[in-house]
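Visitor: Take a look at the following structure, please.
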Amino acid sequence: MSAAPDHTPTFAQISLSERIGKAAPLLLVPVMVALGFLAIGSPSSWLTLTVSGLAMGMMIFIMASGLTLVFGLMDVINFGHGAFISVGAFVGISVLLVLGSWTGAPSLALNVAAVMLAVIAAMIITGALGWAFERVIVRPVYGAHLKQILVTVGGLIVIEQMIHVIWGPDEIFLTRPETLKGAFTFAGAAIEKYRLLAVVFGLVLFVAMRLVFKRTKIGLIVRAGVQNGEMVQALGYRLRLVFIGVFIAGSALAGLGGVMWGLYQEVITAGMGEEMMILVFIVVIIGGLGSVEGAFIGALLVGLLQNYIAFLEPKLALVSNIALMTAVLMWRPQGMMPVVKAK
Amino acid sequence: MSDPILTLSGVQTDIAQYHILQGVDLTVPRGGVTMLLGRNGVGKTTTLRTIIGHWQARAGTITFDGQDITAMPTPARARAGIGFVPEDMGIFSDLTVEENMILAAASGPLDSARLDWIFSVFPPLKTFWRAAAGNLSGGQKQMLSIARAMAEDRALYLIDEPTKGLAPAIISTMAGALRDLKNQGASILLVEQNFSVAKALGDTVAVMEDGRINWTGQMAELANDAALQERLMGLSMEAH
């Protein structure tokens, strides 16, 4: 074997501004929280709004994380993602209604068990639905963005109508499990128990996704596939199977988000997923295509900004997230932490 | 002579409306380095991409190790024992050097003895093992690209312009690595524009013109015949 060559390895030079630029998105959430504190003034109101914003952001992240992977890895614009949110909510809430004696009991263990069963049922059904959706609707239109938009919007409408057929045309009102109702007071601020649960749930999911992506080979394949799918295949991995797995996982996560959002709103409708898709797409775009970390930061920014603005100037709440997206895209046209470049 | 590791018979490949490969007939012997030479745009890269399956051949057959792989998908070709180093290196820039190498060992964990060998050939990869591949210099990225192909024992290596745009010191490192690979009995199909590297490494040569192979022979024969070089490639190797 040849001897080691005689040259000193060095990194390609990375400027200070590049280093700061890479870390900048991580600072946006604390900056937003600090600005919120300065603008709101009252610490108790600020704390309530911050927890509420983080909870909303976490639930949007759960719904958006699957879409950003599907978008980044498969280059598929799936407007049908909203249908999985709605189906997940209806399946999950149906399970909770069946388990009425568990959700009505003043027992945290029984309440959490009921929610977990609802989440598992929703994820199984929406995962299976995602598999069928990819096979029947998405597969024929890989690589054709306009057709993807048209056909997945069509799929969304069909699934929404199927929800009307199965569960009826009216919205369903529900109450949260007994121990998750109400709020507690902390530092003078009223903090809803369910919002805190949503924050914990979102954090656990984010950490779990990070571990899967950073520590497992399947995670490595997905991350590499988002960057260069052709090369992943040249190394011997069947990216097609990974695509299907990611689509199923993304759909299941949307279903999970649907259950969480349904419990948060305490009312579910067939169109709830479609309504959420605007926020979900904003999160995916400002986060950067294919980036779970970007989607996480983007979702927290969207949740916090919406809550702060709704308190400070309610009339501006509707446009606040569009303004956020515009500002982020003017700063970084590819999103905050893009894994793949927009085509 | 033993049976060839790779045979292309009348392979034609289209890219969009362009008819790039117009009937490539190529034989790569088992063991040694086969150079694929020719002017820019004659179809060398398309030939490699057709062999690995990134482009599907419209006509003709590709036989690898006695098996017809013409209709086989890319992952199956890779698992059959073909390693590929693309012209753009195909580095996963957001992954670390370590993660790039873990992915390269598709059939199981990285073999430590093989990894030691790779580190001996490409020391910077050991130095920057935990660093993001996107932060490496161009030469280090090329080392990683070749190291990934070397991470497992492959029957055939397809390598596309490994010295393109590199400094002379790095080029000698690359040439040394490929010589090591060759000395271990590997079969290599190498596209290379650097004629001194081609001359040093090549055993056999195929020269392309207009999407076809228009000359095959021994490297020594081409290297010693300036008139032949002029006729086939429009320039003399001695000029480089």
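FYI, it's all coordinate maths here, none of it is from the lab. Quick caveat, the model's predicted, so the values are computed rather than measured. Heads up, the Cβs are rebuilt from the backbone with ideal geometry, glycines too, and the neighbour counts pull from every protein chain shown.
Visitor: Shielding by partners for B:77-87, please: the mean number of other protein chain Cβ atoms within 10 Å of each residue's Cβ. Can you show the working numbers first?
Guide: On the way: counts 3, 6, 4, 1, 1, 2, 3, 5, 2, 4, 0.
Mean number of neighbouring Cβ atoms from other chains: 3.
Visitor: Please compute the modelled spin-label separation between B:Glu87 and A:Ile278, points set 7 Å along Cα→Cβ, answer in nm with one decimal.
Guide: For the pair A:Ile278/B:Glu87, the computed spacing is 4.7 nm.
Visitor: Right, next: Under a Cβ-Cβ cut-off of 15 Å, what is the net charge of the residues other than A:Gly273 that fall near it, where Lys and Arg count +1 and Asp and Glu count -1? Please report the intermediate quantities before stating the final value.
Guide: Numbers: positive: none; negative: A:Glu160, A:Glu171, A:Glu274, A:Glu275.
Surrounding charge for A:Gly273 is -4.
Visitor: In debye, nearest 20, what is the charge dipole magnitude of the protein assembly as shown about its Cα centre with +1 on Lys and Arg Cβ and -1 on Asp and Glu Cβ, if you could check?
Guide: In total the dipole reaches around 760 debye.
Visitor: Additional query: Considering only B:Glu209, B:Glu230, B:Glu161, give the residue with the highest GNM mean-square fluctuation for chain B, with springs between Cα atoms whenever their separation is below 10 Å.
Guide: For chain B, modelled as a Gaussian network with Cα springs under 10 Å, the answer is B:Glu230.
Visitor: Now a separate question. Report, in order of residue number, the helices in chain A meeting two criteria: a C-alpha extent of 24 Å or more along the helix axis, and a mean Kyte-Doolittle hydropathy of at least -1.0; treat each whole DSSP H run as one helix. Kindly include the intermediate steps, with their values, before the conclusion.
Guide: Numbers: long enough: A:16-40 (34 Å, 1.58); A:43-74 (44 Å, 1.55); A:81-98 (26 Å, 2.03); A:108-133 (36 Å, 2.17); A:145-167 (32 Å, 1.28); A:193-215 (32 Å, 1.34); A:239-265 (38 Å, 1.49); A:292-312 (30 Å, 1.64).
Those that pass (Cα extent of 24 Å or more, hydropathy at least -1.0) are A:16-40, A:43-74, A:81-98, A:108-133, A:145-167, A:193-215, A:239-265, A:292-312.
Visitor: Follow-up. Along the positive direction of the dipole of segment A:63-331 (beta-carbon charges: Lys, Arg +1; Asp, Glu -1; about the Cα centre), which of A:Trp261, A:Leu220, A:Trp331 reaches farthest?
Guide: A:Leu220
Visitor: Normalised by the number of residues in chain B, what is the relative contact order in percent for Cα pairs under 8 Å and 6+ residues apart?
Guide: Numbers: 448 pairs, mean separation 63.3, N = 240.
Once divided by the residue count of chain B, the mean separation gives 26 percent.
Visitor: Something else about it: Determine, at each q value in 0.07 (inverse angstroms), the log₁₀ of I(q)/I(0) that the Debye formula gives when each Cα of segment A:63-331 is one equal point scatterer.
Guide: Calculated log10 I(q)/I(0) at the listed q: -0.26.
Visitor: Of A:Glu275, A:Glu134, A:Glu18, which is the most mobile in a GNM of chain A whose springs link Cα atoms less than 10 angstrom apart?
Guide: A:Glu18
Visitor: Tell me, in nm to one decimal, what length is gained between B:Ala59 and B:Ala131 on full extension, where the rule is 0.36 nm per residue of separation less the Cα-Cα distance? Present the calculation step by step, with values, prior to reporting the outcome.
Guide: Values: separation 72, 0.36 × 72 = 25.92 nm, distance 4.36 nm.
Length gained between B:Ala59 and B:Ala131: 21.6 nm.
Visitor: A further question on this structure: Could you calculate the FRET efficiency of A:Ser45 with B:Ala169 from 1/(1 + (r/R0)^6), where r is the beta carbon distance between them and R0 is 56 Å, rounded to 0.05? Before the final figure, lay out the partial values.
Guide: Numbers: r = 64 Å, r/R0 = 1.14.
Calculated value: 0.30.
Visitor: Tell me the angle of helix B:138-150 to the major Cα principal axis of chain B, expressed in degrees between 0 and 90 and rounded to the nearest ten.
Guide: Long axis of B:138-150 versus the principal axis of chain B: about 80 degrees.
Visitor: Could you sort the peptides A:284-290, B:31-37, A:178-184, A:241-247 by per-residue average Cβ neighbour count (10 Å cutoff), highest mean leading? The partial results should precede the final answer.
Guide: Numbers: A:284-290: 27.3, B:31-37: 21.9, A:178-184: 14.9, A:241-247: 19.1.
Per-residue Cβ counts within 10 Å, averaged per peptide and sorted highest first, yield A:284-290, B:31-37, A:241-247, A:178-184.
Visitor: I'd like the mean, over residues of B:90-102, of how many other protein chain beta carbons sit within 10 Å of each residue's own Cβ.
Guide: Across B:90-102, the average partner-chain Cβ count within 10 Å equals 4.
Visitor: For B:Gln17 and B:Gln193, compute 0.36 nm times the residue count separating them, minus their Cα-Cα distance, and round to one decimal in nm.
Guide: Values: separation 176, 0.36 × 176 = 63.36 nm, distance 2.71 nm.
Contour length minus Cα-Cα distance gives 60.7 nm.
Visitor: Which of B:Thr63, B:Thr46, A:Thr175 comes first, and how do the rest follow, when ranked by fewest Cβ neighbours within 10 Å? Don't skip to the end; give the middle numbers.
Guide: Numbers: B:Thr63 17, B:Thr46 22, A:Thr175 12.
In increasing order of surrounding Cβ atoms, one gets A:Thr175, B:Thr63, B:Thr46.
Visitor: Can you tell me which of B:94-107, A:248-261 comes out highest on packing, and rank the rest after it, using the mean Cβ neighbours within 10 Å? Kindly include the intermediate steps, with their values, before the conclusion.
Guide: Working: B:94-107: 19.3, A:248-261: 28.9.
Averaged packing, sorted descending, gives the order A:248-261, B:94-107.
Visitor: Further question on the same structure: Report the label-to-label distance for B:Asp68 and A:Thr326 in nanometres (one decimal), using points 7 Å from each Cα along the Cα→Cβ vector.
Guide: Going by the 7 Å Cα→Cβ label model, 6.1 nm.
Visitor: In whole Å, what is the distance between the alpha-carbon centres of segment A:60-103 and segment B:110-182?
Guide: Result: 44 Å between the Cα centres.
Visitor: Here's a follow-up. Is there a simple number for the mean count of other chain Cβ atoms within 10 Å of the Cβ of residues in B:170-181, and what is it? Each step should come with its number before you reach the end.
Guide: Numbers: counts 2, 0, 4, 5, 1, 1, 5, 3, 1, 2, 2, 0.
Partner-chain Cβ atoms within 10 Å, mean over residues of B:170-181: 2.
Visitor: Separate question: Report, to the nearest 10°, how far helix B:112-121 tilts away from the longest principal axis of the Cα atoms in chain B, using its own Cα long axis and a range of 0 to 90°.
Guide: The angle comes out near 70 degrees.
Visitor: About the Cα centre of segment A:63-331, what is the dipole size in debye to 20, counting +1 per Lys and Arg Cβ and -1 per Asp and Glu Cβ, all else neutral? Could you put the intermediate results ahead of the total?
Guide: Values: 15 positive and 13 negative charges, 175 e Å.
About 840 debye.
Visitor: Right, next: Cross-link partners among lysines for B:Lys141, C-alpha distance below 16 Å, same-chain residues fewer than 8 apart left out?
Guide: Within the straight-line limit of under 16 Å, B:Lys141 reaches these lysines: B:Lys126, B:Lys164.
Visitor: With r defined as the distance between the Cβ atoms of A:Ala183 and A:Ala113 and R0 fixed at 25 Å, what FRET efficiency is calculated, to the nearest 0.05? Don't skip to the end; give the middle numbers.
Guide: Values: r = 23 Å, r/R0 = 0.91.
After rounding to 0.05, the efficiency reads 0.65.
Visitor: Name the residue from A:Leu211, A:Ile172, A:Leu96 whose Cα lies farthest towards the positive end of the charge dipole of segment A:63-331, charges +1 on Cβ of Lys and Arg and -1 on Cβ of Asp and Glu.
Guide: A:Leu211
Visitor: Still on this structure: Averaging sequence separations of C-alpha pairs under 8 Å and six or more residues apart, then dividing by the length of chain A, give the relative contact order as a whole percent.
Guide: Details: 540 pairs, mean separation 115.2, N = 343.
Answer for chain A is 34 percent.
Visitor: Let me ask another. For B:Ile213, enumerate residues with amide H under 5 Å from its amide H, sequence gap 5+ or separate chain, H modeled in the peptide plane.
Guide: Amide H neighbours of B:Ile213, under 5 Å, 5+ apart: B:Asp25.
Visitor: Hey, another quick one. Compute the distance from the alpha-carbon center of segment A:187-240 to that of segment B:80-94, in whole Å.
Guide: What the calculation gives is 25 Å, centre to centre.
Visitor: Quick one: compute the contact order of segment B:100-220, relative version, from alpha carbon pairs under 8 angstrom and 6+ residues apart, as a percent. Let's see the in-between values first.
Guide: On the way: 115 pairs, mean separation 25.6, N = 121.
Across segment B:100-220, relative contact order equals 21 percent.
Visitor: About the Cα centre, and with charges only on the beta carbon of Lys, Arg (+1) and Asp, Glu (-1), how big is the dipole of chain B? Nearest 20 debye, please. Let's see the in-between values first.
Guide: Values: 19 positive and 25 negative charges, 52 e Å.
Value, rounded to 20: 260 debye.
Visitor: What is the spin-label model distance, in nm, from B:Glu221 to B:Asp111 if the labels are put 7 Å beyond Cα along the C-beta direction?
Guide: Reported label-point gap for B:Glu221 and B:Asp111 is 3.5 nm.
Visitor: Mind checking the full-extension length gain between A:Arg215 and A:Leu316? Use 0.36 nm per residue of separation minus the Cα-Cα distance, one decimal, nm.
Guide: Numbers: separation 101, 0.36 × 101 = 36.36 nm, distance 4.23 nm.
Extra length from A:Arg215 to A:Leu316 when fully extended: 32.1 nm.
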